[in-house]
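A quick write-up on the structure given underneath.
Nothing in this text is a laboratory measurement; each read-out follows from the coordinates by a stated rule. Please read these numbers as outputs of a predicted model, since none were measured by experiment. Ideal geometry is used to build each Cβ from the backbone, glycine not excepted, and the neighbour counts take in all protein chains shown.
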Amino acid sequence: MDKAAYHKRWDHLEQIQREYSNLPESGVENRAALHKVLINTFREFVIACYCDYWRDVYQGAAFPITSAREVLVARAIKVHHWTPGIATSLSNYDLGLSLIDELAVFKLPEMAIHVCYMNLQDLPTADYQALIVPHE
């Protein structure tokens, strides 16, 4: 994926977070709310990139895995030895939480790292570095 595609993905995820938080697209005066939106966007971005990675790995599998949810279910089954019924009964949030150890050490592609640094600049330096560095 190229840098423009990562930017587009980030923008989409940030817009979702802003709508969820009732924040306008720009000119936010509530810095704490903006920082929360950026942190949540980053987390969703990591999950999206994680799903891209595993979707590519599973591309040759007999069962086509195309959606992020299918990736999360497949990984939860693999990591925790759950049955498909158990994994599919969980919400996306719960699936992500069940994969927290994998997500915590997942390495983002280089272009995704650049996009994160560019979009998290509004956070204090120590805060955005603490988010990004484990994924470099």
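Brief remarks on what is shown
- Dipole of the chain, positive end: most advanced residue of His35, Trp82, Leu108 [Cβ charges, Cα centre]: Trp82
- Placing pseudo-labels 7 Å out from each Cα toward the beta carbon at Lys36 and Asp127 gives an inter-label distance of 1.2 nm.
- Sites listed here are GluC sites (Glu not before Pro) in the stretch 1-95 whose DSSP assignment is loop and whose Cβ has at most 16 other Cβ atoms within 10 Å: Glu25, Glu29.
- Gain on full stretching of the segment that runs from Ile77 to Ser21 - 0.36 nm per residue minus C-alpha separation: 16.9 nm
- Set of lysines near Lys36 by C-alpha distance (under 25 Å), chain-local residues within fewer than 8 positions excluded: Lys3, Lys8, Lys107
- Rounded to 10°, Cα long-axis angle of helix 68-80 versus longest principal axis of the chain: 60 degrees
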